1. Given 0.36 nm per residue, what is the gain on full extension from Q63 to Y116 after removing their alpha carbon distance, in nm?
2. What's the angle, to the nearest 10 degrees (0 to 90), between helix 94-104's Cα axis and the longest principal axis of the chain?
3. List the residues, sorted by chain then number, that are 5 or more residues from W39 or on another chain and whose placed amide H is less than 5 Å from its amide H.
4. What pairs in K91/K123; K87/K123; K54/K104 have C-alpha atoms more than 31 Å from each other?
5. What's the carbon and sulfur percent of the chain's accessible surface, probe 1.4 angstrom, rounded to a whole number?
6. If the viscosity is 0.890 mPa s and the temperature 25 °C, what Stokes-Einstein diffusion coefficient in µm²/s follows for the stretch 71-126 when Rh is the Kirkwood radius over Cα pairs?
7. Check which residues have an amide H placed less than 5 Å from A58's amide H, if you skip close sequence neighbours.
8. Calculate, for the chain, the solvent-accessible area per residue in square angstrom, rolling a 1.4 angstrom probe over the heavy atoms of the protein chains.
Amino acid sequence: MSENVSLTNAEWNIMECLWEKSPLPSRDIVAQLKESVGWSKSTTLTMLSRMTAKKMIACDESQKTRLYTPCINRDDAARIETENFLKRVYKGSIGMMMNALTQKQELTDEDLDELYGILDEYKRRQ
């Protein structure tokens with residue numbers, strides 16, 4: 001998958017199913033998305049077809065049923081989404097984002113320790 005591709009909300013739904021367990025037959029994906037987001041069978045199958053064409057997921061048709069697997073891992077998708085969000089909302093400023101997050105949300109000592117740990121690790125890598 002291209003580094004420039006951002007998943008839509010609908011595509012995230014499909015990917016979450018596949019990241020949880022894969023490969024998955026289309027019938028399992030249809031059942032999960034009917035239960036979790038209320039999608040019809042045709043909606044899910046259309047999304048699977050589109051995402052296969054975009055090479056976001058792979059479809060193995062060698063078995064009796066089609067099996068789908070993700071072509072991008074969750075960490076990469078989350079990183080791309082976070083970078084796009086940071087650029088779009090905070091003009092790329094991590095400081096602006098952290099300021100916005102801490103204005104209304106209380107941080108626990110565990111949250112602060114985790115953040116300090118992340119920053120310390122980043123500093124060591126530099």
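1. The Q63-Y116 span can extend by a further 14.2 nm.
2. So the helix axis and the longest Cα principal axis differ by about 90 degrees.
3. Counting only residues 5 or more places away or on other chains, the set is K34.
4. Exceeds cut-off: K54/K104.
5. Answer for the chain: carbon and sulfur cover 50 percent of the accessible area.
6. 188 µm²/s
7. Hits under the 5 Å cutoff: T69, C71.
8. Result: 73 Å² of accessible area for each residue.
The values are calculated or read from the model by the stated rules, or taken from the named source; none is laboratory data. Just so we're clear, the structure is a prediction, and the values are computed from it rather than from any experiment. A quick note on method: Cβ atoms are made from the backbone with ideal geometry, for glycine too, and the neighbour counts reach across all protein chains shown. When the accessible area is computed, the model is the full protein with side chains, heavy atoms only, and any ligands, DNA or RNA have been set aside. Shrake-Rupley method; radii C 1.70, N 1.55, O 1.52, S 1.80 Å.
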